[in-house]
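The values are calculated or read from the model by the stated rules, or taken from the named source; none is laboratory data. Note that the structure is predicted; figures quoted are calculated from it, not measured. With ideal geometry, Cβ positions are generated from the backbone for all residues, glycine too; neighbour counts draw on all protein chains shown. Quick note on the areas: whole protein, heavy atoms, side chains included, nothing else; ligands and nucleic acids left out. Shrake-Rupley method; radii C 1.70, N 1.55, O 1.52, S 1.80 Å.
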Amino acid sequence: MYKYDEYDQQMVDTRVAEFRDQVRRRVAGDLTEDQFKPLRLQNGLYLQLHAYMLRVAVPYGTLNGTQMHLLGDIADKYDRGYGHFTTRQNIQYNWIKLEETPDILAELAKVEMHAIQTSGNCIRNISSDQFAGAAADEIVDPRPYAELLRQWSSFHPEFLVLPRKFKIAVIASEKDRAAMRLHDIGIKMVKNDAGEIGAQFYAGGGMGRTPMIAPLIREFVPLDQLITYSEACLRVYNRYGRRDNKYKARIKILVHELGRDEYVRQVEEEFAHLQTLAIEPPLAELERIKAHFVDPAFETGLSDDLDLTDPDFRLWVERNTTAHKQPGYIIATVSLKPVGGIPGDASADQIRLMAKLGTQYSFDELRVTHAQNIVFPHVKKADLYTVWKALDEAGLGTANLDTVGDIIACPGLDYCSLANARSIPVAQKISERFGSAQKQAEIGELKLKISGCINACGHHHAGHIGILGVDKKGLENYQLLFGGSEGADTSLAKIIGPGFTEDGVVDAIEKATEVYLANKQGEERFLDTYRRIGMDPFKEAIYG
Amino acid sequence: MVDVQFRFRDDEAVNDPAVTVDAFSEQSNATAVRIEPGEDARALLPYLDRLALVEVNFPAWTDGRGYSAARILREAGYTGEVRGVGDLVIDMLHHMRRCGFDAFAPDKALNPTDAKNAFERWDNVYQATVVDGRQAIWAKRHPA
Ligand code: SF4
């Protein structure tokens with residue numbers, strides 16, 4: 001994985017010094033809270049309902065064991081012993097003191113980490129496929145391109161105060177594991193007819209109150225124009241994105257209001273102009289970055305056999321592992337969704353244990369997924385049982401990946417000042433209702449996502465089942481949506497009818513799964529059956 | 001008129017009042033113009049040789065259009081003064097320099113020590129904006 005050179009290190013160190021200075025000016029009263037707010041946000045520091053929250057960047061979700069270990073130590077030292085992994089492949093701490101943040105950032109900088117641009121109206125941490133570099137189906141490893149973009153977007157002087165936040169995802173396989181088309185810019189690395197690698201650009205996707213799937217804006221951007229083209233996309237947005245209404249300020253609204261073709265025309269014009277300036281790093285820079293992402297020293301000639309006599313292990317292997325490109329290896333996902341738990345939370349000890357296992361059994365690499373789980377990308381099959389045993393003893397052996405128990409939930413009213421309703425207790429109740437492994441196996445893949453308000457941080461539009469917390473005359477109420485997907489077959493979920501109470505929504509989901517099981521044909525997933533039979537049978541069972 | 005607090009030019013400061021973009025296109029003898037956030041800096045490109053000062057107004061520093069405006073003027077070869085005016089903050093000064101601003105007239109004077117630190121804070125930069133004359137980190141990594 002990527003290692004900082006002296007320049008990268010100097011950049012994060014300088015940022016720590018700058019932020020320390022900002023905090024000093026705030027505490028001294030030279031900055032008002034209004035003035036300080038946009039500055040602290042650019043450093044991932046939010047003011048929540050009860051305390052400050054610090055969001056630490058995990059660029060494209062990749063971490064080494066030392067970094068992961070420190071994340072555990074920070075949870076102990078500065079939080080209440082927990083960290084919360086997010087849908088942007090980052091980690092958040094919910095109980096932070098303002099005065100301590102410069103020290104936290106300084107500790108992070110020592111292991112090549114930071115909180116730069118993890119919030120605010122700027123280009124955010126770039127996300128990617130959590131299986132990058134290990135997946136059997138990728139054309140190339142997408143992370144070198146994400147790293148090139150990370151450096152370009154860090155402190156870009158022209159794009160620090162955009163109309164609104166800006167999220168970029170980079171993938172390189174047909175199977176989309178990063179919800180690429182639900183990003184402000186989605187980039188898919190592709191091979192053209194001449195066999196050259198390039199980038200396909202999508203723009204104007206997003207969730208929030210007006211969910212949109214990004215249209216294709218360019219089939220192929222050659223690798224030596226990647227930055228120049230990105231800069232053109234951003235400049236058009238910075239100049240013409242709406243600033244009169246924050247709910248209409250995302251690039252999806254600009255693309256929608258101008259129309260895709262007009263946006264493309266303006267970008268191409270700007271692109272032609274920017275190509276006359278020398279702003280593109282040489283290909284040698286991309287090669288330098290790529291050298292950091294070469295395969296680890298895989299052993300060859302390993303057996304692909306797994307001893308599955310332990311039934312619990314077998315269940316976990318079936319549910320939580322994915323094929324690796326290298327024979328004898330496997331990708332293992334650790335579910336942070338134990339029955340009744342808080343989705344994405346891990347204790348300091350659990351974080352350190354995963355760090356240790358990652359170092360020992362996965363070539364010192366771990367990944368954070370946008371479904372709020374942790375991945376060991378390169379585990380030798382012969383070691384898998386040992387790894388699972390250690391996880392299971394620490395409460396991390398839950399076998400529920402992509403099932404109804406693997407819920408994505410935003411922090412909701414327990415932490416978030418914008419929330420209409422709580423998300424976490426609903427997630428906990430659903431996870432308990434469907435707690436039995438047998439029931440989960442029967443229902444199979446069912447992606448359930450919960451947001452505590454229409455800002456959609458829990459991605460409810462993209463859930464096979466989505467839950468949206470709303471405020472109904474001062475009471476928490478939950479709307480139910482069906483039919484969303486974030487895979488290569490991206491679609492947006494639709495509201496099925498009137499809302500429910502907290503318990504009502506759990507009952508409704510149970511009824512929906514019964515309708516699915518009664519109508520399921522062959523290997524159909526919940527989503528497939530829903531797409532085939534439509535909403536009516538579900539509505540009838542739920543409201544009938 | 002608000003005072004220029006920081007200036008990175010050796011020439012004589014222009015003291016002509018800056019006119020609006022609309023007025024400027026009708027007034028062939030004006031040498032100073034002020035751009036508001038919603039205005040297109042490219043409308044000035046035909047007149048660059050008679051301009052000595054462009055003021056870019058920031059009613060709020062969080063409206064980032066002015067940063068693009070300055071850079072566009074510089075990219076087109078404009079060498080006169082580009083002055084940021086309005087709600088300027090210490091923490092953006094360095095980035096404004098990188099977009100091509102070379103004079104700063106904040107509504108409220110900024111703490112000079114903090115400002116000096118901010119201008120000098122970043123020894124290196126990740127991007128080539130071209131208009132600031134700085135070498136990007138990638139260029140230093142791969143000397144030609
Ligand atoms: S969806 Fe709403 S409640 Fe949930 S985290 Fe986002 S803003 Fe807060």
Cysteines of chain A lacking any other cysteine beta carbon under 4.7 Å? A:Cys122, A:Cys233, A:Cys416, A:Cys453
Could I have the simple spin-label model distance between A:Val470 and A:Glu523, label points 7 Å from Cα toward Cβ, reported in nm to one decimal? 3.8
Using only atoms on other chains, find how many Cβ atoms lie within 10 Å of each Cβ of peptide B:89-100 and report the average. 4
Would you mind calculating the gained length between A:Gln275 and A:Thr66 on full extension (0.36 nm times residue separation, minus the Cα-Cα distance), in nm to one decimal? 71.2 nm
Hydrodynamic radius by Kirkwood, which averages 1/r over all alpha carbon pairs of the protein assembly as shown, in angstrom: 26.5
Give the accessible area for B:Met92 in Å² (nearest 10); use a 1.4 Å probe, count only protein heavy atoms, and leave out ligands, DNA and RNA. 10
In deg cm²/dmol, rounded to 500, what helix-only [θ] at 222 nm does chain A give when every DSSP H run of at least 4 residues adds -39500 (n - 2.57) and the total is split over its residues? -11000 deg cm²/dmol
Kindly state, as a whole number, the per residue volume in cubic angstrom of the convex hull around the alpha carbon atoms of region A:311-393. 96
To the nearest 0.05, what FRET efficiency results for A:Asp261 and A:Glu393 with a Förster distance of 51 Å applied to their C-beta separation? 0.35
For region B:70-144, the fraction of alpha-carbon pairs in successive 10 Å shells from zero, as %: 18, 45, 31, 6, 1
Hz values of 3J(HN,Hα) by residue in region A:194-211 - Karplus curve (6.51, -1.76, 1.60), Gly and Pro given as x: 7, x, 8, 7, x, 10, 9, 10, 10, 9, x, x, x, 9, x, 6, 10, x
With θ set to phi - 60°, apply the Karplus curve 6.51 cos²θ - 1.76 cosθ + 1.60 along region B:100-113 and write out the HN-Hα couplings as whole Hz, x wherever there is a Gly or Pro. x, 5, 10, 8, 9, 10, x, 3, 10, 3, 8, 4, x, 5
Per residue, how much accessible area does the protein assembly as shown have with a 1.4 Å probe, in Å²? 38
Using θ = phi - 60° and the Karplus curve 6.51 cos²θ - 1.76 cosθ + 1.60, what whole-Hz ³J(HN,Hα) does each residue of region A:168-182 get, with Gly and Pro shown as x? 10, 10, 10, 10, 8, 9, 5, 6, 8, 9, 10, 6, 3, 7, 9
Need one value for B:113-120: mean number of C-beta atoms belonging to other chains within 10 Å of its residues' C-beta atoms. 1
What's the magnitude of the charge dipole for region A:408-543 around its Cα centre, counting Lys and Arg as +1 and Asp and Glu as -1 at the beta-carbon? Answer in Debye, nearest 20. 200
Could you rank the peptides A:191-200, B:79-88 by their average count of other C-beta atoms within 10 Å per residue, with the highest value first? B:79-88, A:191-200
Long-range amide H contacts for A:Leu492: which residues qualify at under 5 Å (H placed 1.01 Å from N, peptide plane, sequence gap of 5 or more or a different chain)? A:Ser485
Can you pull out the buried accessible area for chains B and A, both sides counted, probe 1.4 Å, rounded to the nearest 100 Å²? 3800
State to the nearest 20 debye the size of the charge dipole of region A:398-439 about its Cα centre, where the only charges are +1 on K and R beta carbons and -1 on D and E beta carbons. 160
So who's got an amide H within less than 5 Å of the one on A:Val334, skipping anything under 5 residues away but keeping other chains? H placed 1.01 Å off N, in plane. A:Ile374, A:Val375, A:Phe376
Per-residue Cβ counts within 10 Å, from other chains only, averaged over B:128-138: what number is that? 5
Starting from the 7 Å offset along Cα-to-Cβ, what nm value, one decimal, do you get for the label separation of B:Asp40 and A:Lys494? 4.1
Computed FRET value (nearest 0.05) for A:Gln438 with A:Arg532, which takes r as the C-beta separation and R₀ as 35 Å: 0.90
Based on the alpha carbons, how large is the Rg to Rh ratio for region A:408-543 when Rh follows Kirkwood? 0.95
Go through A:Leu517, A:Leu254 and list them by solvent-accessible area, largest first, probe radius 1.4 Å. A:Leu517, A:Leu254
Of all trypsin sites (Lys or Arg not before Pro) in region A:1-49, the ones in DSSP coil with at most 11 other Cβ atoms within 10 Å are A:Lys3
Pull up all non-local amide H partners of A:Ala203: gap of 5 or more, or a different chain, and H-to-H distance under 5 Å with H placed in the peptide plane. A:Gly186, A:Ile217
Accessible surface of the protein assembly as shown, 1.4 Å probe, proportion on carbon and sulfur as whole %: 49
